[in-house]
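The values are calculated or read from the model by the stated rules, or taken from the named source; none is laboratory data. Computed from a predicted model, the values in this text were never measured in an experiment. Virtual Cβ from ideal backbone geometry, glycine too; neighbours counted across all protein chains shown. Heads up: the accessible areas ignore ligands, DNA and RNA and are worked out on the full protein's heavy atoms, side chains in. Shrake-Rupley method; radii C 1.70, N 1.55, O 1.52, S 1.80 Å.
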Amino acid sequence: MHLADGVLGLPTLALSSVGAAAGIALGLRRVTPQTLPVAALFAAVFFVIGTIHIPIGVGSVHLVLNGLIGLLLGWLAFPVIFVALLLQALLFSFGGIAVLGANTLLLAAPAVLAHYLLRGLLQHSSPSAQSLLFSGAMAATIGIAGAVLIAAAMLWTTGKNALLGLIVLMSAAQIPVWLIDAAVSALVLASLGRALPRVLRMTATRAR
Amino acid sequence: MTRVFAPIILFTLIALLSPGVASAHGVRLSVTTGGEAISGSASFADGSPMAEAVVELRDSTQSAEGPATARSRTNSEGRFAFPSPREGGEFRVTVDDGIGHRGEARFTLLVDRVIAGDAAHTHRPEHPPWREWLSGLGYLLGLVGITAWWLARRRPSSSQD
């Protein structure tokens, strides 16, 4: 779902960059000594997994995990995803610099949405394994579906394709991604629930 | 104040100088296949050619110490060429100048005379992108450090770990 440089028109780029900048600002205000290590860890994970391509059939996919990142970190997902995308653009020539704001927005906005929709499930003192697996899979679903919708909307503004066609095409391509993302997110969340439950409640208390 | 800054400056100097030293020995080997020959060039990380180095072509059955399928030398520009093997398979080209600089490139040769024809495919040495990962994680660690410092400065009265 990385959009490349030169695909989007200037107004879309400008608007998305403003949106991404606002999200990043909101996210940075929420950095605390507790959330910083986890945020850094997920930035590293997001950066690395985006470069590991798993061959599936004729193409290849890579994990995204934006839903999981959003569920655990909330608005921090914006600066985390932005930094990881920036490093990918600089070191691997993935995506592009001009389109960085748009890519950040399309990946981080669904992440924040997943946070607000699902964090209630994490507030229990000891959530069950089933609810954690479910939350992980749902977070991945919201993350991927949201990214597809926003990316399709952005591409639609170029005026070259109909919106519905874009959504259908992009969704079909992302189904394998969605499946492994949901599986991995579910498993990671369940493991965190057992091993490091306090990570699940990091964003429950606002330090500022 | 000096006690804090002196180690920081010293460390930064060492960090800035080390890549220059390390890359002086990095060998870049690129191989081009397709057509009648396997050709390529070897150079150092700073761009200077690896001239008069021994280049060897081996297939997957040949060990690194034993005889090679073909042996040649790079010219003054670091270039070399071998006749293309008749049969396909996995091959590797090694270049060694005898004074500690060595490079290796592995590739798979598909021999189909009709398709291979004049199309040249350039093979870079296959590797997981360790260097890029290391760079990215390094920058991340730097950002984390700066953020932690910034957090500490903004709330000097609270001590949290």
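Working carefully through the options A:Pro110, A:Pro11, A:Pro79, find the one that is within 14 Å of chain B (Cβ to nearest Cβ) and either at pLDDT 95 or above or more than 25 Å from B:Ser135 (Cβ to Cβ) (or both).
That would be A:Pro79, the only listed residue that is within 14 Å of chain B (Cβ to nearest Cβ) and either at pLDDT 95 or above or more than 25 Å from B:Ser135 (Cβ to Cβ) (or both).
Please indicate, with yes or no, whether at least one residue in segment A:37-51 is assigned to a loop (DSSP other than H, G, I, E, B), within 14 Å of chain B (Cβ to nearest Cβ) and surrounded by fewer than 15 Cβ atoms within 10 Å (Cβ to Cβ).
Within segment A:37-51, not a single residue is assigned to a loop (DSSP other than H, G, I, E, B), within 14 Å of chain B (Cβ to nearest Cβ) and surrounded by fewer than 15 Cβ atoms within 10 Å (Cβ to Cβ).
Give the number of residues within segment A:147-176 that are open to solvent by less than 30 Å² (accessible area, probe 1.4 Å) and aromatic (Phe, Trp, Tyr).
0
For segment A:158-191, enumerate the residues that are within 30 Å of A:Ser125 (Cβ to Cβ) and touching a Gly at 6+ places or on another chain (Cβ under 9 Å).
Correct list: A:Asp181, A:Ala182, A:Ala183, A:Val184, A:Ser185, A:Ala186, A:Leu187, A:Val188, A:Leu189, A:Ala190.
Kindly evaluate A:Leu73 against the criterion of being on the phi < 0 side of the Ramachandran plot and open to solvent by 20 Å² or more (accessible area, probe 1.4 Å).
no
May I ask you to list the residues in segment A:90-112 that are more than 17 Å from A:Val18 (Cβ to Cβ) and either of a type in the set (Asp, Glu) or in contact with a His (Cβ under 9 Å, 6 or more places away or on another chain) (or both)?
Answer for segment A:90-112, where residues must be more than 17 Å from A:Val18 (Cβ to Cβ) and either of a type in the set (Asp, Glu) or in contact with a His (Cβ under 9 Å, 6 or more places away or on another chain) (or both): A:Phe94, A:Gly95, A:Gly96.
Under the condition of being loosely packed, with under 14 Cβ neighbours inside 10 Å and either within 11 Å of another protein chain (Cβ to nearest Cβ) or outside any loop (DSSP other than H, G, I, E, B) (or both), which residue from segment A:54-65 is modelled with the highest pLDDT?
So, considering only residues that are loosely packed, with under 14 Cβ neighbours inside 10 Å and either within 11 Å of another protein chain (Cβ to nearest Cβ) or outside any loop (DSSP other than H, G, I, E, B) (or both), the one modelled with the highest pLDDT is A:Ile54.
Give me the residue from segment A:106-133 that is open to solvent by 40 Å² or more (accessible area, probe 1.4 Å), of a type outside the set (Ser, Thr, Tyr) and closer than 30 Å to A:Ala14 by Cα and, out of that set, nearest to the chain's Cα centre (by Cα).
Going through the qualifying residues, I end up with A:Leu113.
Counting only residues that are within 10 Å of another protein chain (Cβ to nearest Cβ) and open to solvent by 30 Å² or more (accessible area, probe 1.4 Å), how many does segment A:25-36 have?
3
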